[in-house]
Structure formats: structure tokens, C-alpha cells
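Enquirer: Have a look at this one.
The values are calculated or read from the model by the stated rules, or taken from the named source; none is laboratory data. Computed from a predicted structure; not experimentally measured. Please note: Cβ atoms are built from the backbone with ideal geometry, for glycine as well, and neighbour counts cover all protein chains shown. Each accessible area value is taken on the protein alone, full model and side chains, heavy atoms only, with ligands, DNA and RNA left out. Shrake-Rupley method; radii C 1.70, N 1.55, O 1.52, S 1.80 Å.
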Amino acid sequence: MKNIYLFGNWKMYLDYQESVDWAKQLKERVLELPEHVVSVVFPSSVALHRVGEVLKDSGVAVGAQNICWVEKGAYTGEVSAATYRSLGAMYALVGHSERRHIFHESNHEVRQKIEAALAHGLTPVVCVGETLAERKEGVIDETIEAQLRAAFAHLTINGGSVIVAYEPVWAINTGEACDPNEAERVHALIKRLVAGLCPSLADVPVLYGGSVNAENIDGFLAQESVDGVLVGAGSVKPDTWGNLVSTVCA
Ligand code: PGA
């Protein structure tokens, strides 16, 4: 059976105690995750270890929202992939649009972070997506291709896995999700491009992110090239997340 990915990006929505409390509630809800459902939550860096302990044996893994590309050194405020791995993380978001646009992360930095994640046993979840201006200009495919080329051209993969998330910037946290047919078109493009750039990633899982909720998730999961969803705001709302879990488990 094909895997379905249900990922929750908690962003900076919850403080430490709220993160731990939410993880405890979540554990009660997800005891019955079927084998083919891969679920990961991305808590705040300070809560990641404790959330991982709470979710131990629940089938839900934890991941970092961001990593530094360097292992150790004079990088004030940064946390390395190796440190996150030692704290229990198995995944890392890389190049989330809020990192790219608020913190000016470049395609080059994204590439370095992908390499750091893979070198330290984390699965990078590489986020790509066009802005509204790029969509209006009609350069969606070119934007995605440039992001993927920087991320994957000549990338050497010695074991480990990679996931891509298509997150159109204009759909994130706006309540205006992408049309599922358009998401399918872009996902198919992403799979083709990644396979061409890096043959060892022949069938990379591609998740859709951007205003996913309990009402629209079915439309995305019905698409052939949509392997799952990356949910932001809805991942910290008990009712929404509960409904999303029920949908992917159905
Ligand atoms: P959203 O965020 O679900 O709140 O739109 C998605 C994301 O940023 O990963």
C-alpha cells in the first residue's frame, strides 16, 4: 500500500508547555496509526526533545523546523543537524518559505542544509513553491525548477531519504489553498524534475502544503502525485488535526 504522509509544522504557535501538552493529547489520538501512514510533527526547537519523549512508541516522529548547515562553530543562535539528531529528530524541514522569505535563506543555503541533514541521518523535507507575483507572471515552473536544480543537481545520496513539499507561498496561512488539480500538475513536474536531477530519487514523495484543512484534504489525497500533506495552523488545532488524522487513516 502506498504511504500517506501527514506532517504537522507547529511553527512558533506553541510555547514549551503548550507543545508538551499538545503532544500528550496527540499521543492519545494516534495510537492506531496504520503502517502506511507516516506522521511527523515539527515542534519548536526547545520542545523537540521532550515532545519526542512523549510521542515515543506512538508511531509519530519528530523533526526540526530548521537546521544549520555547519556541525559546530561560531554560529550564534543556530542548531546543527547533528544536535537535532542526537535529540531524537528524524526529519528536518529545509527551505520552508518562511525561512526563505522572512529570513532570506537562499537556494544555496537550502542545498547546504540538505547535505547536512543527509550527512547526519535526518530526512530533509525540502520545501519549494512560487510567490503570488511569480504565479501572476506565469513563471511557476521556472521558479520550481530553479529551486529544485539548486537543491538536487549532482547531489550524492549514500542512503537516507528525501521528501519534497510543494508549498505555494501565497497559499500558506491564507486560507486559500491551491486547486488540487493544479497541485497535481506541479507535483508531477516536481517528481519528473527531481528524478532527472538526481536519479537515486526516482520516486520522491511530494507533499502538498498551504491552508490544508479537514474540508480540503480529500481533494489533495485523491491526486496521483500527492503523497501527503504538510499542515501548519491546522496541526495545532485539536479538532482539525483530529479530523486530518481520521481522514488519512480511513
Ligand atoms: P498552513 O502552513 O497550513 O498554516 O497554511 C503550511 C506550512 O507552512 O507548512
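Enquirer: Please count how many residues of the range 1-21 are aromatic (Phe, Trp, Tyr), within 16 Å of the ligand (Cβ to nearest atom) and open to solvent by 10 Å² or more (accessible area, probe 1.4 Å). Steps first, please.
Expert: First, pick out the residues of the range 1-21 that are aromatic (Phe, Trp, Tyr): 5, 7, 10, 13, 16.
From what's left, within 16 Å of the ligand (Cβ to nearest atom): 5, 7, 10, 13.
Still in the list and also open to solvent by 10 Å² or more (accessible area, probe 1.4 Å): 5, 13.
So the answer is 2.
Enquirer: Further question on the same structure: Do we have any residue at all in the range 22-41 that's hydroxyl-bearing (Ser, Thr, Tyr), surrounded by fewer than 18 Cβ atoms within 10 Å (Cβ to Cβ) and within 18 Å of the chain's Cα centre (by Cα)?
Expert: At the first step, the residues of the range 22-41 found to be hydroxyl-bearing (Ser, Thr, Tyr) are 39.
With the extra rule that they be surrounded by fewer than 18 Cβ atoms within 10 Å (Cβ to Cβ), the set shrinks to none.
So far as the range 22-41 goes, no, none of its residues is hydroxyl-bearing (Ser, Thr, Tyr), surrounded by fewer than 18 Cβ atoms within 10 Å (Cβ to Cβ) and within 18 Å of the chain's Cα centre (by Cα).
Enquirer: Return the residues of the range 42-57 that are assigned to a helix (DSSP H, G or I) and either within 18 Å of the chain's Cα centre (by Cα) or modelled with pLDDT under 95 (or both); say none if nothing qualifies. Can you show your working first?
Expert: Taking the range 42-57 first, the residues assigned to a helix (DSSP H, G or I) are 48-54.
Answer for the range 42-57, where residues must be assigned to a helix (DSSP H, G or I) and either within 18 Å of the chain's Cα centre (by Cα) or modelled with pLDDT under 95 (or both): 48, 51, 52.
Enquirer: Could you tell me which numbered condition residue 179 fails, if it satisfies all but one of (1) without any contact (Cβ under 8 Å) to a residue 12 or more places away in the chain; (2) within 13 Å of the ligand (Cβ to nearest atom)?
Expert: Residue 179 satisfies all of (1) without any contact (Cβ under 8 Å) to a residue 12 or more places away in the chain; (2) within 13 Å of the ligand (Cβ to nearest atom) except (2).
Enquirer: Considering each residue of the range 150-176, count those that are within 16 Å of the ligand (Cβ to nearest atom), open to solvent by 30 Å² or more (accessible area, probe 1.4 Å) and farther than 12 Å from residue 128 by Cβ, and give that number. Give the steps one after another, and end with the answer.
Expert: From the range 150-176, those within 16 Å of the ligand (Cβ to nearest atom) are 163-176; that's our starting set.
So of that shortlist, the ones also open to solvent by 30 Å² or more (accessible area, probe 1.4 Å) come out as 169-170, 173-176.
So of that shortlist, the ones also farther than 12 Å from residue 128 by Cβ come out as 170, 173-176.
So the count comes out to 5.
Enquirer: Confirm whether residue 190 is surrounded by 21 or more Cβ atoms within 10 Å (Cβ to Cβ), of a type in the set (A, V, I, L, M) and either at negative phi or in contact with a strand residue (DSSP E or B) (Cβ under 7 Å, 6 or more places away or on another chain) (or both).
Expert: Working: surrounded by 21 or more Cβ atoms within 10 Å (Cβ to Cβ): yes; of a type in the set (A, V, I, L, M): yes; either at negative phi or in contact with a strand residue (DSSP E or B) (Cβ under 7 Å, 6 or more places away or on another chain) (or both): yes.
Judged against the criteria, residue 190 is a match.
Enquirer: Does residue 204 fit the bill of being open to solvent by less than 10 Å² (accessible area, probe 1.4 Å), more than 16 Å from the ligand (Cβ to nearest atom) and either within 25 Å of residue 13 (Cα to Cα) or within 17 Å of the chain's Cα centre (by Cα) (or both)? Break it down into steps so the answer makes sense when it comes.
Expert: Numbers: open to solvent by less than 10 Å² (accessible area, probe 1.4 Å): yes; more than 16 Å from the ligand (Cβ to nearest atom): yes; either within 25 Å of residue 13 (Cα to Cα) or within 17 Å of the chain's Cα centre (by Cα) (or both): yes.
Against the criterion (open to solvent by less than 10 Å² (accessible area, probe 1.4 Å), more than 16 Å from the ligand (Cβ to nearest atom) and either within 25 Å of residue 13 (Cα to Cα) or within 17 Å of the chain's Cα centre (by Cα) (or both)), residue 204 qualifies.
Enquirer: May I ask you to verify whether residue 219 is over 26 Å from residue 19 (Cα atoms), out of contact with any strand residue (DSSP E or B) (no Cβ under 8 Å at 6 or more places or on another chain) and within 16 Å of the ligand (Cβ to nearest atom)?
Expert: Values: over 26 Å from residue 19 (Cα atoms): yes; out of contact with any strand residue (DSSP E or B) (no Cβ under 8 Å at 6 or more places or on another chain): yes; within 16 Å of the ligand (Cβ to nearest atom): yes.
Criteria met by residue 219.
Enquirer: Shifting gears a bit: Quick check on the range 221-236. Is at least one of its residues assigned to a helix (DSSP H, G or I), among the polar types (S, T, N, Q) and open to solvent by less than 20 Å² (accessible area, probe 1.4 Å)? Show your work before the answer.
Expert: Going through the range 221-236, the residues assigned to a helix (DSSP H, G or I) turn out to be 221, 233-236.
Pick out the ones that are also among the polar types (S, T, N, Q) and you get 235.
The next check asks that each one be open to solvent by less than 20 Å² (accessible area, probe 1.4 Å); those that pass are 235.
Yes, the conditions are met somewhere in the range 221-236.
Enquirer: Continuing with the same structure: Report whether or not residue 112 is among the polar types (S, T, N, Q) and within 16 Å of the chain's Cα centre (by Cα).
Expert: Details: among the polar types (S, T, N, Q): yes; within 16 Å of the chain's Cα centre (by Cα): no.
No.
Enquirer: Shifting gears a bit: In the list 108, 120, which residue meets the criterion of being open to solvent by 10 Å² or more (accessible area, probe 1.4 Å), away from the ligand (no atom under 14 Å from the Cβ), out of contact with any Lys or Arg (no Cβ under 9 Å at 6 or more places or on another chain) and closer than 17 Å to residue 67 by Cα? First the steps, then the outcome.
Expert: On the way: 120 fails: out of contact with any Lys or Arg (no Cβ under 9 Å at 6 or more places or on another chain).
The match here is 108.
Enquirer: Sticking with this structure for a sec: Looking at the range 222-243, which of its residues are within 13 Å of the ligand (Cβ to nearest atom) and either more than 19 Å from the chain's Cα centre (by Cα) or closer than 23 Å to residue 15 by Cα (or both)? Let's see the steps before the verdict.
Expert: Here is the first cut: in the range 222-243, the ones within 13 Å of the ligand (Cβ to nearest atom) are 228-237, 240-241.
Selection gives 230, 231, 232, 233, 234, 235, 236, 237, 240, 241.
Yes/no matrix, rows are residues, columns are (1) loosely packed, with under 15 Cβ neighbours inside 10 Å; (2) under 25 Å from residue 250 (Cα atoms); (3) within 16 Å of the ligand (Cβ to nearest atom):
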{"residue": "44", "(1), (2), (3)": "no, no, yes"}
{"residue": "57", "(1), (2), (3)": "yes, yes, no"}
{"residue": "69", "(1), (2), (3)": "no, no, no"}
{"residue": "87", "(1), (2), (3)": "no, no, no"}
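Enquirer: Out of all the residues in the range 216-239, which are at pLDDT 95 or above and not aliphatic (A, V, I, L, M)?
Expert: Let us first name the residues in the range 216-239 that are at pLDDT 95 or above, namely 216-236.
Hits for the range 216-239 are 216, 218, 219, 220, 223, 224, 225, 227, 228, 232, 234, 235.
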